[in-house]
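The values are calculated or read from the model by the stated rules, or taken from the named source; none is laboratory data. Bear in mind the structure is a predicted one, so any value in this text is a computation, not a measurement. We place every Cβ from the backbone using ideal geometry, glycine too, and count neighbours over all the protein chains shown.
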Amino acid sequence: MQYRDDIDGLRAVAVILIVFFHVRLSNVPGGFIGVDVFFVISGFLITSLILRETAEERFTFKDFYLRRLRRLGPALLVTIALTLLAGWFILPPTLYQATAQAALATLLSVSNIFFWQQTGYFDNAAAYKPLLHTWSLAVEEQFYFIWPAALVIAARYLSKAGLLAAMITLSLISLGLSQMLLADHASAAFYLTPFRIFAFGVGAVLALTGWEARNVITANIASLSGLLIILFVAGTLQETAPFPGLNGAIPVVATALMIYAGPTAIMNRAIALPPIRYIGRISYSVYLLHWPLIIYFIFLFGQAQTSLQVLGLIALTLAAGALMYHLIEVPFRHKRSGQFVIGSRQLARTSLLAGLIIALVSWQIHTNRGYPSRYTPEIRALFATLDTALDERTNATGEFNCNATENSRQVYFDVFADCLPAGSDRLIVVLGDSHAADIYVGLNAVFPDHNIVQLTGNGCNLAQPVSEKVFCAPFIAFWRTWLTDNAARISAVIYSQSGGSLIARGAGGIERPNAPEIERLSRTLVQLQTGDAPLIFWGPRPRFRPIIDIAMAGSTDPENLRNFYADTDFRSDDQLDRKLESHFSGTAIHYVSSFQPICQENCPTLTADGQLYILDNGHWTVAGARQAVQDVIRSDNRLQTVFAR
């Protein structure tokens, strides 16, 4: 197969979509499909190479893996090293330790498994994992480990038709399993290789069959429709949509259409223009560097908001990728007189030595818990209390039994009766997501003699369609039934949730209240009203950005930490609070602001007696919950009436 310039063009399209998505351009919410484009290309190119060399009786596993090492190794090792070096100056201990662990997983080509095991509601968000993007490289590398041997053996014993049937069957099984897992194990379907094989398989089928459009009209239709589908999906598929599964099959088929169209098709010629093709050539380095650059930008300056910031970050990413391509990739792939300037033995030794050094450094960072010694004694003491505070909250909310989570589905309904208060009358129900669970913790601490019922689950708010939180569906249905069955014993229902889903992000990163979500929530809350018990909407609290770990890392002492967020723009949280207050004014639902009583002077990071107030970007510690509940109830007469004896 002669190398096709339009393949570099497709790579350019993929990496541009990914970069645009990660800098949070609102017009490419589905830019993450660029990874699937890369997978199809890899399946096509690798299978083509193996089949060609096998037919010419010159394929060897040694040469294949040396070529993969030459193509992927040097740039990846440099990226990991630079990420760890920058992390020393930027990352707080917990995140630095986690990044070192990710570096070890990346070196072993298992970072997809590492990040899959980390997925959970209280896991650090993607914005705090500078090596998260290496999950897709691990998937590719695992494909490289398995595919050559499987293909060579299958080609030896199967006819071409049999091999084709095996590829198609394997791809369909992978796609089917991926779709099946989306309901209960979406993170596994996203991260793990078996459920991504269908993307590689489609590319492999094209390579095996040699299918390519034979006339201009067919080629142009395939090319144009393929690119339009990719752009349409990138522009419309929401990040919360089930993926990959059948949604993932759409960009895979679209990419296959473009490869099938051939290099002379109209859109394939367009993306093969020299400037686009150049981006395709540097796409690997761009992909490697784009995520650490974006993450560290967020750490230092916050999310890119203005058009100038977004364009500057994109330009920086492309420039850094070009620099690494020419300084790292090209020297290792450069040939002179048909021979690599850096020989295979030197390549292997250099890569092994660099890998061992990075592994040792990563292990030291891990064993030293991210080197908290970089900070003052006062800040080190606060870091030491963070893990303890998280454990205390976990126990207080009943994280593994009384608070519904993806992990507690097997026991929740069996132990629910044990989670109810001892008293059976004048029940005060706290309903909602993990933020409601914080309120439950605070109320239990402040009013131990009240009968407070916990109906909470991580991520289980009532603003978003249940289809977006599939695991919440049985819990929410159970809560509805329980509220109806026990209406006569309930004296008040307090609903609360995170404000994130009630805020929309528009052009230029501007945040504003999400009117459709607020209206949906309003309709749902009205349906929950039963009997004479008041329904109180305990409003969303402020969102602390960056998270408390970073605030502590940027502070010299507790007093400095108290004032860390003094200049933070909480405007969108304030706007949401006022919008909700206005929306529910005059309705049967009583709205209580969290934002105003908590942030009267300064949104707090420490309690009055110096304990941590928050755990991350908004969840309260047990001490913080106690203080927050007291402040909010003190500000509202209706709540005071509910808790009066």
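Details
- Segments classed as helices (runs of 4 or more DSSP H), wholly inside region 569-643, with at least 3 members that are without any contact (Cβ under 8 Å) to a residue 12 or more places away in the chain and over 30 Å from the mean Cα position of the chain (by Cα): 637-642
- Among the helices (runs of 4 or more DSSP H) confined to region 299-403, the ones with at least 1 residues that are surrounded by fewer than 18 Cβ atoms within 10 Å (Cβ to Cβ) and not assigned by TED's automatic domain parsing to the domain that holds Leu76 are located at 377-397.
- Residue check for Asn220: under 24 Å from Met180 (Cβ atoms), polar (S, T, N, Q), assigned to a helix (DSSP H, G or I) and assigned by TED's automatic domain parsing to the domain that holds Ser159: no
- Boolean, Ala183 is under 22 Å from Phe114 (Cα atoms) and at pLDDT below 95: yes
- Residue identified as among the hydroxyl-bearing types (Ser, Thr, Tyr), at pLDDT 90 or above and within 24 Å of the chain's Cα centre (by Cα) among Ser498, Ser491, Ser522: Ser498
- Sole residue being assigned by TED's automatic domain parsing to the domain that holds Leu69, surrounded by 19 or more Cβ atoms within 10 Å (Cβ to Cβ) and farther than 23 Å from Val19 by Cβ, chosen from Gly245, Gly210: Gly245
- Restricted to strands (runs of 3 or more DSSP E) entirely inside region 438-543, those with at least 1 residues that are crowded, with 22+ Cβ neighbours inside 10 Å are 452-456, 490-496, 535-538.
- Some residue of region 413-427 being without any contact (Cβ under 8 Å) to a residue 12 or more places away in the chain, surrounded by fewer than 21 Cβ atoms within 10 Å (Cβ to Cβ) and either closer than 30 Å to Arg369 by Cα or in the same structural domain as Met552 (by TED's automatic domain parsing) (or both): no
Each row is one residue, and each column tells you yes or no for (1) modelled with pLDDT under 95; (2) assigned to a helix (DSSP H, G or I).
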{"site": "Arg58", "(1), (2)": "yes, no"}
{"site": "Arg67", "(1), (2)": "yes, yes"}
{"site": "Arg71", "(1), (2)": "yes, yes"}
{"site": "Pro74", "(1), (2)": "no, yes"}
{"site": "Ala81", "(1), (2)": "no, yes"}
{"site": "Thr99", "(1), (2)": "no, yes"}
{"site": "Ala105", "(1), (2)": "no, yes"}
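Per-residue answers, yes or no, for (1) among the hydrophobic types (A, V, I, L, M, F, W, C); (2) closer than 29 Å to Leu288 by Cβ:
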residue	(1), (2)
Tyr128	no, yes
Thr134	no, yes
Glu141	no, yes
Tyr144	no, yes
Ala149	yes, yes
Ala154	yes, no
Tyr157	no, no
Ala161	yes, no
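- Flag if Gln142 is modelled with pLDDT of 95 or more and in contact with a His (Cβ under 7 Å, 6 or more places away or on another chain): no
- Here Tyr278, Tyr287 are screened, and the one residue that is in a helix (DSSP H, G or I) and touching a helix residue (DSSP H, G or I) at 6+ places or on another chain (Cβ under 6 Å) is Tyr287.
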